[in-house]
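Asks: Supplied in structure tokens, the structure appears directly below.
Read-outs throughout are calculated quantities, based only on the coordinates presented, and are distinct from any laboratory measurement. Small disclaimer: the values here were computed from a predicted structure and weren't measured. We place every Cβ from the backbone using ideal geometry, glycine too, and count neighbours over all the protein chains shown.
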Amino acid sequence: MSKIATLEIDGNKYEFPIIKGTENELGIDIKALRGATGGVTTIDPGYKNTGSCESAITFLDGEKGILRYRGYSIEELAEKADFLEVAYLLIFGELPTAAQLEKFDKDIKEESHVDEDMKKILDGFPKSAHPMGVLSSLTSALIAFNPGSVDVDSEEEMYGAIVKILAKFPVLAAWTMRKRKSLPLDYGDNSLGYVENLHKMMFARPNQAYEANKIVNDALDKLLILHADHEQNCSTSTVRIVGSSHAGLFASLSAGISALWGPLHGGANQAVIEMLEAIKADGGDTAKYIAKAKDKNDPFRLMGFGHRVYKNFDPRAKIIKKSAEEVLGDLGIEDPVLDIAKGLADVALKDEYFVQRKLYPNVDFYSGIIYRALGIPTEMFTVMFALGRLPGWIAQWREMRLRKEPIGRPRQIYIGENYRAFKAVSER
Ligand code: CMC
């Protein structure tokens, strides 16, 4: 395989190196393109063909349905690791030793309080506010309570900021839900594990002792692991690009939360359940909705279907589908919406429209069904995604800063008016 790509423009030839990743992915390094050609640029809306960085965090192969964090398969991590171990792995590159994990857990617990004045900010939101908007704002507000920039070259300062946000983020997420439900805020219990404590902060009743449920906690742990990173997706790219201006970690994360909110990204998990509910209310006619999804004059899309990278299957969806069946079985819940989901998937997977376009159920197709079974309100689903994605965002932000990447600033091809002289308002 050649190590050089040649581009010819108007009879002039330009050579660019081809770089190879550790999994043999190839990329044409066009860093010198504009300089060599006198300003020719590339155009690639949606970055479908553009690599924005080199990264050692997550590998995914969309054709083969492979997803690995730092080399470990998602299947094995979901089965054998817990969320905090996975967070450490993603952020620092290796699975923690017992001593490292103990310290990590202890340091997070040490930071797991949120300034009381943050409550005043939370109070200012109407109860009807979407939790993703509230979470993004509260994450941004944390900056005011933790001012001072982090020296990214100081391992200690970097570690301190990471531990702080891992500790406070679940508190903010839980509080957004409690506010919506008119429940008094809960401060958690540091004798519990990370995920168990999150669950307590969300669900503990003020007049009742909290009882942990192993099935629920194991399912939550697995869901968070499955969402923990997914290389350069929309929210992660947002975190990296905001951070590339040397905006701080919390500011970059707040922007990432906003990016995740959209229904084409993390917001799809809420959209899926709403879609399945609507189909149920409409008599459960899946064929009708498959036809709508295929109709180019109808804006309806089958939510939870399709993926920019996975073109065979989404390995996370496989794990989640099995997990959804197990959790519903273990909790003794019968959810007709699961049957509608299975019916839709069965029809779509055989339908030429979906087969031709390689559209398969993605991670969000089944996750909402488990969240519902765990008693999580629909509008909190994307917050659960954000809780899972937090270590991935942190890992990517840290990598970007440590690699001293330049500020993200894409080019464009201008297609507007050419020069024209200004006309006074009386002449227009
Ligand atoms: N239902 C019906 N048609 C679809 C769907 C869908 N869910 N997804 C893609 N298509 C069609 C699309 O109309 C296009 O058809 P054509 O070639 O005839 O114009 C073709 O498939 C390619 O679609 P695209 O929009 O160009 O593909 P993309 O890579 O830009 O978009 C996607 C990927 C995930 C945004 C898209 O598949 C989608 O909107 N899916 C529904 C939303 C969803 O489930 N999002 C969650 C993604 S996984 C979690 C995460 O990482 O956020």
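Asks: Taking only the alpha-carbon atoms of the chain, what semi-axes of the equivalent ellipsoid follow from 5 times the gyration tensor eigenvalues under a square root, in whole Å, largest first?
Replies: Values: eigenvalues 260, 171, 118 Å².
After scaling each eigenvalue by five and taking roots: 36, 29, 24 Å.
Asks: A further question follows. Just the Cα atoms of the stretch 267-374, one point each, no solvent: what log10 I(q)/I(0) does Debye give at q = 0.11, 0.18, 0.19, 0.20 Å⁻¹?
Replies: -0.31, -0.85, -0.95, -1.05
Asks: Taking the beta-carbon count within 10 Å as an exposure proxy, list Met384, Met177 from fewest neighbours to most. Before the final figure, lay out each step's value.
Replies: Values: Met384 26, Met177 21.
By the 10 Å Cβ count, ascending: Met177, Met384.
Asks: Which trypsin sites (Lys or Arg not before Pro) in the stretch 69-172 sit in a loop by DSSP (not H, G, I, E or B) and have at most 16 other Cβ atoms within 10 Å of their own Cβ? Let's see the in-between values first.
Replies: Numbers: sites: Arg70, Lys80, Lys103, Lys106, Lys109, Lys119, Lys120, Lys127, Lys164, Lys168; in loops: Arg70, Lys127.
In loop regions of the stretch 69-172 (DSSP not H, G, I, E or B), the sparsely surrounded trypsin sites (Lys or Arg not before Pro) are Lys127.
Asks: Next up: Suppose R0 equals 25 Å; then what is the FRET efficiency for Ala129 and Ala278 from their Cβ-Cβ distance, rounded to the nearest 0.05?
Replies: On the way: r = 23 Å, r/R0 = 0.93.
Step by step, r from the Cβ atoms, then E = 0.60.
Asks: Which of the GluC sites (Glu not before Pro) across the stretch 145-238 are loop residues per DSSP, with 12 or fewer other Cβ within 10 Å? Write down the numbers at each step before the final one.
Replies: Values: sites: Glu155, Glu156, Glu157, Glu196, Glu211, Glu231; in loops: Glu211, Glu231.
Sparse-neighbourhood loop GluC sites (Glu not before Pro): Glu211.
Asks: So what's the gap between the Cα centers of the stretch 282-332 and the stretch 234-265, to the nearest angstrom?
Replies: Taking the Cα centre of each part, the stretch 282-332 and the stretch 234-265 sit 26 Å apart.
Asks: HN-Hα J couplings of the stretch 144-150 from phi, Karplus 6.51/-1.76/1.60, θ = phi - 60°, integer Hz, Gly and Pro as x?
Replies: Taking θ as phi minus 60°, the curve returns 5, 8, 9, x, x, 7, 8 Hz for the stretch 144-150.
Asks: Follow-up question, since we're still on this one. From the backbone phi of the stretch 276-287, what are the Karplus-calculated ³J(HN,Hα) couplings (6.51 cos²θ - 1.76 cosθ + 1.60, θ = phi - 60°) in whole Hz, Gly and Pro given as x?
Replies: Whole-Hz 3J(HN,Hα) from phi for the stretch 276-287: 5, 4, 5, 5, 4, 5, 8, x, x, 7, 5, 4.
Asks: Add -39500 (n - 2.57) for each DSSP H run of 4 or more in the chain, then divide by its residues: what number comes out at 222 nm, to the nearest 500 deg cm²/dmol? Intermediate results must be reported in sequence, preceding the final value.
Replies: Details: 18 runs with 221 residues, N = 428.
Helix-only estimate at 222 nm: -16000 deg cm²/dmol.
Asks: Cα centroids of the stretch 100-132 and the stretch 5-82: how far apart, whole angstrom?
Replies: Cα centroid to Cα centroid, the span is 37 Å.
Asks: To continue, here is another question. Can you list residues from other chains, or at least 5 along the same chain, whose modelled amide H is less than 5 Å from the amide H of Tyr72?
Replies: none
Asks: Another one. Given points 7 Å out from each Cα along the Cα-Cβ axis, report the Ser245 to Thr37 separation in nanometres with one decimal.
Replies: 2.8 nm
Asks: If r is the Cβ-Cβ distance from Asp285 to Ile18 and R0 is 41 Å, what FRET efficiency results, to the nearest 0.05? Intermediate values should be presented prior to the final figure.
Replies: On the way: r = 51 Å, r/R0 = 1.24.
For R0 = 41 Å, the calculated efficiency reads 0.20.
Asks: What distance in nm lies between label points placed 7 Å from Cα along the C-beta direction at Glu8 and Glu156?
Replies: Taking the simple label geometry, Glu8 and Glu156 are separated by 6.1 nm.
Asks: If you don't mind, there's one more thing I want to ask. With r as the distance between the Cβ atoms of Glu54 and Arg205 and R0 = 35 Å, compute the FRET efficiency 1/(1 + (r/R0)^6) and round to 0.05. Can you show the working numbers first?
Replies: Numbers: r = 49 Å, r/R0 = 1.39.
In this case the efficiency is close to 0.10.
Asks: HN-Hα J couplings of the stretch 104-115 from phi, Karplus 6.51/-1.76/1.60, θ = phi - 60°, integer Hz, Gly and Pro as x?
Replies: Once θ is set to phi - 60°, the couplings for the stretch 104-115 become 4, 4, 5, 5, 5, 4, 4, 9, 7, 9, 10, 3 Hz.
Asks: Tell me the net charge near Lys181. Cut-off is 14 Å between Cβ atoms, Lys181 excluded, with +1 for each Lys or Arg and -1 for each Asp or Glu. Could the numbers behind the result be given before it?
Replies: Values: positive: Lys127, Arg178, Lys179, Arg180, Arg205; negative: Asp186, Glu379.
Taking every Cβ under 14 Å from that of Lys181, the sum is +3.
Asks: Let me ask you something else. Could you pull out the pairs from Lys3/Lys64; Lys164/Lys404; Lys48/Lys200; Lys3/Lys80; Lys222/Lys350; Lys294/Lys322 whose alpha carbons sit more than 31 Å apart here?
Replies: Numbers: Lys3/Lys64 25 Å; Lys164/Lys404 23 Å; Lys48/Lys200 41 Å; Lys3/Lys80 40 Å; Lys222/Lys350 29 Å; Lys294/Lys322 27 Å.
Check vs 31 Å cut-off fails for Lys48/Lys200; Lys3/Lys80.
Asks: Starting from the Cα-Cα distance between Glu326 and Asp339, subtract it from 0.36 nm times their residue separation and give me the gain in nm to one decimal. Numbers along the way, then the final one.
Replies: Details: separation 13, 0.36 × 13 = 4.68 nm, distance 1.42 nm.
So the chain would gain 3.3 nm between Glu326 and Asp339.
Asks: Quick check: residue separation of Asp29 and Tyr47 times 0.36 nm, minus the Cα distance between them. What number comes out in nm?
Replies: Details: separation 18, 0.36 × 18 = 6.48 nm, distance 1.50 nm.
So the chain would gain 5.0 nm between Asp29 and Tyr47.
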